[in-house]
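Written below as structure tokens is the structure these notes are about.
Just so you know, all these numbers are worked out from the coordinates, no wet-lab data involved. Remember, predicted model here, so these are calculated numbers, not experimental data.
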Amino acid sequence: MDVLDRYIAALRSQDWAALSECLAEDVHRTGPYLDIVEGREDYIAFLAGVIPGLLNYDIRLSRIDRLEGGAALVRLSEFVDIAGVRTEIPEALVFEFNAEGEISGVDVYLKQVAGSSS
């Protein structure tokens, strides 16, 4: 799944042009709090508005599993410094693809520490 490798690399380097090449024009993203972003330009603008503000941002891919119907489950962790403490945010993302192999859907799920509220 080359497009996912390119997506992760572009996100890590904050290369928004390269990331844009991975996305379908009508990409749909649903975030962990049911926040929705529609369309390639808005999705890139969303990420470009969030990621650069995260101190020492990094992303590490753990695993990619192909799902029935052509989707993929991606397990990764995002790392940021919060109040001087390196913090890992484990996530699971479900990616869908169009016929051209572009990412057409992204659903983001966060893992939470036991006892934390949603």
Exercise. What residues have an amide H closer than 5 Å to that of VAL27, excluding those fewer than 5 places away on the same chain, when H is modeled at 1.01 Å from N in the peptide plane?
Worked result: GLY39, ARG40
Problem set entry | 0 to 90° range, to nearest 10: angle between helix 40-50 axis and the chain longest Cα axis | 10
Exercise. Of the labelled options (i) 2, 11, 19, 18, 13, 11, 10, 7, 5, 2, 1; (ii) 2, 10, 15, 17, 19, 16, 10, 5, 4, 1, 0; (iii) 2, 11, 20, 26, 23, 11, 6, 2, 0, which one gives P(r) over Cα pairs in 5 Å bins from 0, in percent as computed for this structure?
Worked result: (iii)
For this session: Calculate how steeply helix 2-13 sits against the longest principal axis of the alpha-carbon atoms of the chain, using the helix alpha-carbon long axis, and give the answer as 0 to 90 degrees to the nearest 10.
Result: 40
Problem set entry | Mean separation of Cα contacts under 8 Å (6+ apart) over length of the range 2-110, as relative contact order % | 25
